[in-house]
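Here's the structure we're looking at; comments come further down.
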Amino acid sequence: MVFKLERVSDKPILEPKQHHEWEKGAVFNVGAIKDNGLVHMIYRATDKNSNGRICSDYMNYFGYAVSKDGINFNRLEKPILGPVDGQEQRGVEDPRIVKIDDTYYMLYTGFGGRFDGDFRICMATSKNLIDWERYGVLLDEPNKDASLFPEKINGKYILIHRRAPHIWIAYSDDLKNWTDHKILAEVKEENEWESLKIGLAGPPFKTEKGWVLIYHGVSKERRYSLGIMLLDLEDPSKVIYRQDKPILEPELDWEINGCVPNVVFSCGQAIIDDELLVYYGGADTVTGVAKTKMSDVMKLFDIVTQR
């Protein structure tokens with residue numbers, strides 16, 4: 001059985017607004033969370049082309065949007081976070097959101113742009129998803145593709161991050177000191193679509209079979225696709241299953257052609273009833289959504305866990 005996502009539409013659900021200076025270049029790489037019956041989206045926006053090899057002075061912002069059905073979103077007119085002096089002077093990138101108790105935690109990449117490798121995992125918290133308190137750098141090293149697990153496990157906060165080219169996991173008592181870093185999943189050179197590097201997509205989400213982790217894989221031609229794996233419930237450093245084939249690949253024109261060609265890249269998903277909606281950036285320019293039934297996800301893991 002090869003598990004695949006199905007696109008909700010052959011058109012983007014979110015596109016740049018030319019009359020908004022801060023988001024007229026691109027809107028992509030969406031963090032998402034379902035709470036209180038609504039799907040909340042925090043999306044990355046740029047004022048210019050988002051390809052740093054072409055445009056070296058673009059700025060990054062976060063916009064907020066909300067939806068009842070997870071597909072049709074209403075957006076705020078102004079960004080909720082943007083550049084500040086220091087580590088985030090070129091802005092904020094690639095948000096991933098979880099809720100622990102009554103607080104939302106967002107991990108994102110703070111982009112300084114002052115020298116090579118000037119990007120760090122940063123954290124902010126909120127009570128309402130619009131007003132955020134920045135906590136600054138969470139892990140002081142060139143690093144990205146990070147999220148917390150949405151609950152403590154064995155009394156520990158758990159962090160997924162990416163020390164290229166692999167996905168890593170780490171633990172903390174206080175969200176400040178991170179220990180026991182180890183590789184969670186390695187690149188698979190035998191799988192061309194994920195042979196260069198891999199990284200987290202949206203935050204892991206819990207099922208009775210284990211923690212489901214959607215991730216991105218990059219080929220040696222720098223083509224970005226999405227994959228899926230299952231982690232152990234009690235010890236999420238253990239990978240129970242990892243599908244060798246991608247679940248979504250760049251196929252549509254706006255996924256192939258854009259600021260950064262040949263990219264589908266996710267930072268979040270939402271579950272509405274039995275439907276899993278995976279939000280993704282297309283070619284680092286616009287936002288699309290793909291879906292599957294959670295019952296089909298469970299069927300996939302039923303098969304692999306019974307082997």
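Where a number appears in this text, it was derived from the coordinates with a stated rule and is not lab data. No experiment lies behind these values; they were computed from the predicted model shown. All Cβ positions, glycine included, derive from the backbone under ideal geometry; neighbour counts span all protein chains shown.
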Practice prompt. At q = 0.18, 0.19 Å⁻¹, what is the base-10 log of I(q)/I(0) for the stretch 43-148 according to the Debye formula with one equal point scatterer per Cα and no solvent? Please give it to two decimals.
Written response: -0.89, -0.98
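Dividing the Cα convex hull volume of the stretch 6-305 by residue count, how many Å³ per residue is that?
123
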Worksheet item: Counting other Cβ atoms within 10 Å of each Cβ, which GluC sites (Glu not before Pro) in the stretch 1-88 have at most 11 and sit in a DSSP loop?
Response: Glu77
Worksheet entry | Within a Gaussian network of the chain (alpha carbon springs, distance under 10 Å), most fluctuating of Ile228, Ile198, Ile100 | Ile100
Item to complete: Per DSSP H run of at least 4 residues, take -39500 (n - 2.57); add these up for the chain, divide by its residues and hand me the 222 nm value, nearest 500 deg cm²/dmol.
Response: -1500 deg cm²/dmol
Discussion item. I'd like to know how the stretch 75-206 sits against the 2.2 N^0.38 Å rule of thumb: what's its Cα Rg over that expected value?
Written reply: 1.08
Practice prompt. Quote the charge dipole size of the stretch 1-158 about the Cα centre in Debye, to the nearest 20; the model charges only the Cβ of Lys and Arg (+1) and of Asp and Glu (-1).
Written response: 340
Worksheet entry | Net lengthening on full extension, Phe115/Glu133 (0.36 nm per residue, minus Cα-Cα) | 3.9 nm
Response to the item:
Given pairs Lys17/Lys238; Lys78/Lys144; Lys182/Lys220 and cut-off 31 Å on Cα-Cα distance, the over-length ones are Lys17/Lys238
Response to the item:
For the stretch 75-201, the charge dipole (Cβ of Lys, Arg +1; Cβ of Asp, Glu -1; about the Cα centre) points to a positive end, and the Cα of Gly117, Ile80, Pro95 closest to that extreme belongs to Ile80
Discussion item. As an exercise, identify the trypsin sites (Lys or Arg not before Pro) in the stretch 64-112 lying in DSSP coil whose Cβ has no more than 13 other Cβ atoms within 10 Å.
Written reply: Lys68
Response to the item:
So Glu275 and Val66, fully extended at 0.36 nm per residue minus their Cα-Cα distance, gain in nm 73.5 nm
Response to the item:
Quick calc, the stretch 152-216, dipole around Cα centre from Cβ unit charges on Lys, Arg (+) and Asp, Glu (-), nearest 20 debye, gives 280
Worksheet item: Considering only DSSP beta bridges with both partners in the stretch 153-277, what is the antiparallel share in %, to the nearest 5?
Response: 95
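Dipole size in debye (nearest 20) for the chain around its Cα centre, Lys and Arg Cβ +1, Asp and Glu Cβ -1?
Taking the Cα centre of the chain as origin, the dipole is about 100 debye.
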Discussion item. Please report the spacing between the Cα centers of the stretch 55-121 and the stretch 135-177 in Å, no decimals.
Written reply: 17
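Loop only by DSSP, 16 or fewer other Cβ within 10 Å of the Cβ. Give me the trypsin sites (Lys or Arg not before Pro) in the stretch 206-240 that pass, ordered by residue number.
Passing sites in the stretch 206-240 are Lys220, Arg222, Lys238.
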